[in-house]
Each structure stands twice: as C-alpha cells, then as structure tokens.
Amino acid sequence: MDLIIRAARPHPTSDRRPDPVDIGVAGGSIARIAPAGAIPADGALELHADGRLVSPPLVDPHVHLDAVLTVGEPRYNQSGTLIEGILTWAERKRTLTHEDVKRRAREAVLWEVAQGTGLIRSHVDVCDPNLVALRALIELREELRDVVELQLIAFPQDGILSFPDGEALMREAMRLGCDVIGGIPHYEWTREDGIAEVQFIFDLARETGKPIDLHCDETDDPESRFLEHVAARTMREGMQGRVVAGHTTAMGSYNDAYAFKLIQILRRAGVTIVANPLDNIVLQGRFDTYPKRRGMTRVKELDAAGINVACGHDSIMDPWYPLGRGSMLDALSMLVHVAQMTGRGELFRAWEMVTTNPMRSSGRGDWGVREGAPANLAIFDCEDEAEAIRLRPAARWVIREGRVVAETEPARSTVHRAGADVPVTFTRGG
Ligand code: FE2
C-alpha cells in the first residue's frame, strides 16, 4: 500500500452509521476497504481518521473562475443586482490580462481544494475577441492538474447571437480546448434568438462531440422557457446524460401544471440541473416587494422526480456576489435552507448534490468510496454527512489519486470559566 486511512466512516452513512473501516490505497486507486484494524501496517503513510467521515471529494460543478476575486474592481456593485453585476463585469473585463486571470483563479481554486473539492467545472466568458481569460484558464487547467481536475465551459456571457462574432468565438473557444459547450439563451435579445442559440449549441455539440452545460432561464420571468427546448433537443440528439442546465430559476416561478410537464421531459432527457443558491438567493426576487420569491429552481421536487440535481458555488467575491470563500459546504448549507431540505433523510440526499450527482454529470461517475475507484477522497472533521452540512467542518485531509494534496488542522475552542477551562466542540455531549 502507498497510503492507509485508518478508522474512517465511509460515505454514504445515512442513519445506519457504518462501522469505521480502513482504506488501503495503491497505485492511485482504492485497493482495499476492510474493517478497522484489518489492514496490516506495511510502512505506508497512515492517516488516522478516528471515526471521521470519508467521502468522495466535493465537486463544484458551476463556478466562474475568470471573475473570482474581482469584487470592487473597478467599483463595487452598490445595488447588488444581477444587471449591475453584468455592467460592472463588462468594465472589469476590458482590463483582464493573462496573469491577472491566472493569479486570481489559482488562488480561488486552492481555497476550494483546501476545503475538500477535487473537481471544478468553470464557465469562462468567451465574449472577448482575444479570449484572454480562456487562454489563461487553459494553462491553469494543466498547471493545477496535480491537485484538482478542472473542466472549462465556453460561456457566452453576452449572448451568441446578440454579441458580435458570437458564433465564431464559441467555435474558436472549442478549438482552443474547452471541455464543454455553454450557453445563455434567456439573455439573447429575443425569444427567437434564444431558441436559435439553443439550436446552435446543439449543432456545435454534434460537430465537436463535446457535452453541453448552459445557463438557462436565470430569471424570475415565468415566460422564460428555454429549458423545454434544451430537453427536447437533448432527446432528439441522443445526448441523454450529457447535458447540464444551470440556475433554471424561472422554474421557481412557473405554474405547477407547467412545472410538472417540464419535469417529466427533463427526466426522460436525463438533463442535470445545477442550482446556485448563494448567488440566486441574493440576485433573484429583486423586482418583487412582498411576498418575495426565493428565486431558486425546484431542487427538492426535481430530486424527488429522479432528476440528477447538483449544487454549484457560482461566484467567489465577484461583481455578482461579494461574499464566498470557495466552500461547497457553504453553498450546500444555503441550498438546504432555501429548498427546505432539512428533513432527516433530505440532509443526506443533499450531500449527493455536491459529490456523486455532479461527478456523474461531469463524466466522473467512477469516483466513490469503493474498491477499484480512483483514490480521490476527502476526510471531514465530523462523523456523517448531516453533521458536515451543519458544521461545515475542516477537510482534515484531501486526497487526489492517492496523494494527500491538502490538510487542515481543525479549530479548537475553549471557554474560560471561573476556575475551569471548558472545551467546546459544537457536538452534543462532545
Ligand atoms: Fe453562473
């Protein structure tokens, strides 16, 4: 063995609280999982998990690495609205340089890795005649391959038909090496242009053989219904399982009869839905007084209907969202609040939305805590997934292909009472 993880509680735990196991890693894969103590010491590096949760690494299936850490440049978004974010980004985009993009994106990626993330899918704005950000992130994808898998999506922030040479830029982005085709049909000037955009990206998928991951219906307008076109074309092209739609917040405003119909065809099409609760809870509902809509897609109902649902971080300190620290557990905590997924079983379901579900939609369905899988794991300072959502604990160790790529010493608290120091662990009876 190259590495032995001792006494870890393996995902998925649910309420059956599996007994701790030892995990032996050899050649970058999980070679053996056995009851704690059953794998003999053989001189390999040993990590003592002491009953902590071991999970597949977290996945961030939707982030905008070209924009991270630009908050306040050239000015802060004072209204906090989506449109002021887009206008502020348009100003900042003019000053992007290769090194500027790489430096900020690298920093944010390391924040994510340190907190247990092993796979990141980033949109990259390609509405730029020079594709500065894309060229920088393609380099970074290689540079950081030792600690994380980075997948890049050609994202037409300002539209494809509504931006000069939009189609040519999308083709060039794919030629340069983008992994995934993006889109933003609801942002085109007209409904007809939005439908034409959907047709274009599916044509491009057929030409290039690449999967699709588009922004879709990110608005409170219940008339924004591009997702049905995406689902229909997915089925007609035989692309089931290879199409992801992000945001889809209009679904929060559709009437129930239409939502029911849409959910049926999404399931048949095998389209993955990615919710981005951190951004959307602050960006949507801005035209409402009260009652004020939550502006999130129907996470709970989609999941219950058997649709693959995932959770993204979306923004980290950018013109749309000034907060964020690259923690997928922050994003997931927001998701379970906004979606009202605090039922006991729902908390465990939610964990799949930052691990197994986005792995499946990113072509990494082979990752998991099982023998023969790649040794991509994260050990969290807690005992189960529900506690991980509550505590958002340190990722004690993060492992990629059998190598420890990040580690964090958990914080320890003490209250100094008169005459006695009392340790505080934030766990019942701890
Ligand atoms: Fe986004």
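The values are calculated or read from the model by the stated rules, or taken from the named source; none is laboratory data. Small disclaimer: the values here were computed from a predicted structure and weren't measured. Because the Cβ atoms are built from the backbone with ideal geometry, glycine has one as well, and the counts that use them run over all protein chains shown. Protein only, heavy atoms only, side chains kept; ligands, DNA and RNA dropped before computing areas. Shrake-Rupley method; radii C 1.70, N 1.55, O 1.52, S 1.80 Å.
Using only the C-alpha atoms, the convex hull of region 242-308 corresponds to 82 Å³ per residue. Per residue, the accessible area of region 58-361 comes to 37 Å², computed with a 1.4 Å probe over protein heavy atoms only. So, in nm, how far is label residue 99 from label residue 46 when the simple model puts each one 7 Å beyond its Cα toward the Cβ? It works out to 4.8 nm between the two label points.
With the simple model of a label 7 Å out from the Cα in the direction of the Cβ, residue 265 to residue 15 spans 3.9 nm. Peptides 48-56, 12-20, 246-254 ranked from most to least packed, by the mean per-residue count of other Cβ atoms within 10 Å: 246-254, 48-56, 12-20. For the chain, treating each Cα as an identical point scatterer without solvent, what Debye log10 I(q)/I(0) comes out at q = 0.12 1/Å? Those come out to -0.98, one per q. Computed over the Cα atoms of region 285-392, pair by distinct pair, the Kirkwood hydrodynamic radius stands at 15.4 angstrom. The modelled label-to-label distance between residue 73 and residue 130, using points 7 Å beyond Cα along the C-beta direction, is 1.5 nm. For residue 3, nonlocal amide neighbours, meaning residues 5 or more places apart or on other chains whose placed amide H falls under 5 Å from its own, are 25. Along each principal axis, taking the top coordinate minus the bottom one, the Cα set of region 122-273 gives 48, 33, 27 Å in descending order.
Distance from the C-alpha centroid of region 66-113 to that of region 336-390: 29 Å, rounded to the whole angstrom. DSSP bridge analysis restricted to the chain gives an antiparallel fraction near 45%, rounded to the nearest 5. Take every Cα pair under 8 Å whose residues are at least 6 apart in sequence, average their separation, divide by the length of the chain, and the relative contact order is 20 percent. The apolar share of the surface of region 150-203, taken as the fraction of accessible area on carbon and sulfur atoms (1.4 Å probe, ligands and nucleic acids excluded), comes to 51 percent. Share of carbon and sulfur in the accessible area of region 240-376 stands at 54%, probe radius 1.4 Å. Calculated on the Cα set of region 57-117, radius of gyration then Dmax: 13.0, 36 Å. Full extension of the segment from residue 427 to residue 401, taken as 0.36 nm per residue of separation minus the current Cα-Cα distance, would add 6.2 nm. Short to long, the 5 Å bins of the Cα pair-distance histogram for region 1-146 hold 2, 8, 14, 15, 13, 11, 9, 8, 8, 8, 4, 1, 0 percent of all pairs. Below 11 angstrom from the Cβ of residue 349, what's the summed charge of the other residues (Lys, Arg +1; Asp, Glu -1)? Net of charged neighbours comes to -2. Each peptide in 337-348, 97-108 receives the mean, over its residues, of other Cβ atoms within 10 Å, and ordering these scores from highest gives 97-108, 337-348. In this structure, the pairs whose alpha-carbon distance is over 28 Å, taken from 93/300; 102/210; 261/292, are 93/300. Between the helical axis of 98-114 and the longest alpha-carbon principal axis of the chain there is an angle of about 40 degrees.
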